[in-house]
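The next block holds one structure in the form of structure tokens; read it before the comments.
Laboratory data are not the source of any read-out in this text; all were calculated from the coordinates shown. Model, not experiment: these values are computed from the prediction. Neighbour counts are summed over all protein chains in view; Cβ atoms, including those assigned to glycine, are modelled from backbone coordinates with ideal geometry.
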Amino acid sequence: MSDADESDDQRRARGLPPAPHLPGDPESEQPEPPKPVTTAFGLIVAAAVVLVLAFVLDLLDQDAIAAELIEQNTDENITNAQIAAGVESLLWALVVGAAAVGGLIVLFAWKARQGTRSARTVVTVLVVVIALFSLLGGGYEVIVAVLLALGGTALMYLPSVDSYFPRVIKKP
């Protein structure tokens, strides 16, 4: 059997990527992802949405956060205006960071849903990044996002879906 006659599943089993599709070629059928992988994708998308919403909610509540920090301030060299400006800058940075990480995790979860083993690994690393984001604040919403992301990642490592993520065979 030549490489051109192989199905994408046969190529993936040998550790190769799916055959390239040129413009005008008929679309080949993608294998249906296993149910746990589809569920994992949904959980990861939900985690990304909750993560961004958590920091947006903090941004909307920036006056209360700034007021609390101003009350706790014991340094006479730092003015209330500096604290308020710093809180706003930090919260905007957290929203942008959460959106970037959320977008990346959804992108790589989509690629993992298509059976790309390396994308599953990147999703795992990004879940660790989300867990680190939880240390910066966001409240209970961020904890929910972390739990959703961990649940989705765990589903992608179940033994029943391991064959959907074929190992790349390295040639000596």
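Remarks
- Applied to segment 141-148, the Karplus parametrisation 6.51 cos²θ - 1.76 cosθ + 1.60 on θ = phi - 60° returns per-residue 3J(HN,Hα) values of 4, 5, 5, 4, 4, 5, 5, 4 Hz, with x for Gly and Pro.
- Equivalent ellipsoid semi-axes, segment 35-161, via Cα gyration tensor eigenvalues times 5, rooted, Å: 35, 12, 11
- Separation of the ALA81 and ALA100 label points, Cα + 7 Å toward Cβ, nm: 3.0
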